[in-house]
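Below is one structure, written out as structure tokens; the observations come after it.
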Amino acid sequence: MTAFDPSRLLDLVDDASQRPFVLELARTYRRMLEPRVARVLASVGAGDVDEAMDAVLSLKVSSTMTGADELSGLAAHLETDLRRGDLRSAGAQALLLPDAAQRAATAIDTYLAQDPTAAEAFEGHGARTS
């Protein structure tokens, strides 16, 4: 699985004029990634299955939509563990999230930095592309 597949983002738009939406989505995902992973880790660590399920579904869906395939896959496995009530396995899966999130973050940052339209799309939104 790849850390980040930008083609998933591009599938969300019909034409190039919607590219700023894609860039903003990637930027928002990137900004929220660390808190999402921290929420999963905290809730799994606390044994709060309901909170963990909510957190892992948020991570899975946003990762799938954004193209963070590795994180999406890990979140799916974690979801299965939580549904089975297997907190030991869920805990082990959760420990894999930070490194996968770092790989996704690095890949997304690289994508945004290399996209010539990123700077234009983020002008006036307080974003940085470097």
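Just so you know, all these numbers are worked out from the coordinates, no wet-lab data involved. Note that the structure is predicted; figures quoted are calculated from it, not measured. When we count neighbours, we look across all protein chains shown, and the Cβ atoms used for this are built from the backbone with ideal geometry, even at glycine.
Numerical summary
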| quantity | calculated |
| --- | --- |
| From A107, A100, A90, residue being buried (at least 16 other Cβ atoms within 10 Å of the Cβ), part of a helix (DSSP H, G or I), out of contact with any helix residue (DSSP H, G or I) (no Cβ under 6 Å at 6 or more places or on another chain) and not acidic (D, E) | A107 |
| Residue ranges of helices (runs of 4 or more DSSP H) in region 1-73 with at least 1 members aromatic (F, W, Y) and crowded, with 16+ Cβ neighbours inside 10 Å | 19-45 |
| Tabulated pairs, region 45-66, first touching a residue at least 60 places away in the same chain (Cβ under 8 Å), second surrounded by 14 or more Cβ atoms within 10 Å (Cβ to Cβ), C-beta under 7 angstrom, 6+ apart or interchain | T66/R8; T66/L9; T66/L25; T66/A26; T66/Y29 |
